[in-house]
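The values are calculated or read from the model by the stated rules, or taken from the named source; none is laboratory data. What you see is a predicted model, and the numbers here were worked out from it, not measured in a lab. No Cβ is skipped: glycine too gets one built from the backbone with ideal geometry, and neighbour counts run over all protein chains shown.
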């Protein structure tokens with residue numbers, strides 16, 4: 001038989017257990033957990049994400065505006081250079097007119113001096129007197145023949161020539177590389193040596209930023225290679241001589 005203190009202790013423990021169970025709040029095991037705090041947290045994260053995206057778009061817009069500003073500045077610089085080039089070409093043309101007038105005046109003075117002599121003596125014609133040589137039909141290299149199948153070669157697309165400024169039609173480059181063969185030629189005579197000028201720029205279609213092809217004073221020529229593909233046109237500024245060029249596509 002258990003002692004009275006032991007029974008009293010068990011009775012007290014049982015009473016406390018029942019009381020604790022009666023005081024506990026009733027809960028429904030099938031009810032879902034509250035979702036209010038989770039929904040608010042997700043909404044806050046979405047709001048912050050939208051804010052970060054808006055800030056990124058603003059930064060990208062600022063970068064695009066800076067790029068557009070740089071392009072406008074480059075376009076203005078190019079326009080300024082073209083204006084100075086036009087002025088230089090006009091000054092060069094005026095200088096050539098003065099040279100021509102001076103030569104005509106000297107020739108007229110020599111003729112008058114010969115006419116006033118009582119017994120004019122005909123000056124002997126020097127053996128090494130310069131006579132205008134017959135210029136070649138072209139200073140450019142002939143077009144290349146097509147290479148073997150599967151190999152690339154230069155295909156000539158167009159040729160231009162003249163004595164004055166000119167802008168070409170738009171042409172299409174298929175290959176990843178193309179070139180311009182060009183040549184500038186002074187007028188005949190020592191007085192005209194290095195008095196001609198040739199400037200060529202290649203412009204992508206619908207763009208104002210050119211690629212420099214050549215800047216040449218006096219006679220001479222070369223070939224300038226450029227990157228493709230795309231649609232392009234050439235702007236030629238020339239004065240005081242004759243020029244010619246050819247456009248070739250590597251494909």
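Which of the residues that make up segment 101-125 are modelled with pLDDT under 75 and either surrounded by 11 or more Cβ atoms within 10 Å (Cβ to Cβ) or in contact with a helix residue (DSSP H, G or I) (Cβ under 6 Å, 6 or more places away or on another chain) (or both)?
Answer for segment 101-125, where residues must be modelled with pLDDT under 75 and either surrounded by 11 or more Cβ atoms within 10 Å (Cβ to Cβ) or in contact with a helix residue (DSSP H, G or I) (Cβ under 6 Å, 6 or more places away or on another chain) (or both): 110, 114, 120.
Select, from 194, 184, the only residue that is assigned to a strand (DSSP E or B) and closer than 29 Å to residue 106 by Cβ.
184
Quick check, is residue 199 touching a strand residue (DSSP E or B) at 6+ places or on another chain (Cβ under 6 Å) and within 20 Å of residue 239 (Cβ to Cβ)?
When the stated conditions are applied, residue 199 passes them.
Which one of the conditions (1) surrounded by 16 or more Cβ atoms within 10 Å (Cβ to Cβ); (2) closer than 30 Å to residue 131 by Cβ; (3) at pLDDT 95 or above does residue 162 fail to meet, given that it meets all the rest?
Here residue 162 meets the rest and fails (1).
Residue-wise test of (1) in contact with a strand residue (DSSP E or B) (Cβ under 8 Å, 6 or more places away or on another chain); (2) modelled with pLDDT of 80 or more; (3) in a helix (DSSP H, G or I); (4) closer than 30 Å to residue 240 by Cβ.
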{"residue": "17", "(1), (2), (3), (4)": "no, no, yes, no"}
{"residue": "22", "(1), (2), (3), (4)": "no, no, yes, no"}
{"residue": "33", "(1), (2), (3), (4)": "no, no, no, no"}
{"residue": "93", "(1), (2), (3), (4)": "yes, no, yes, yes"}
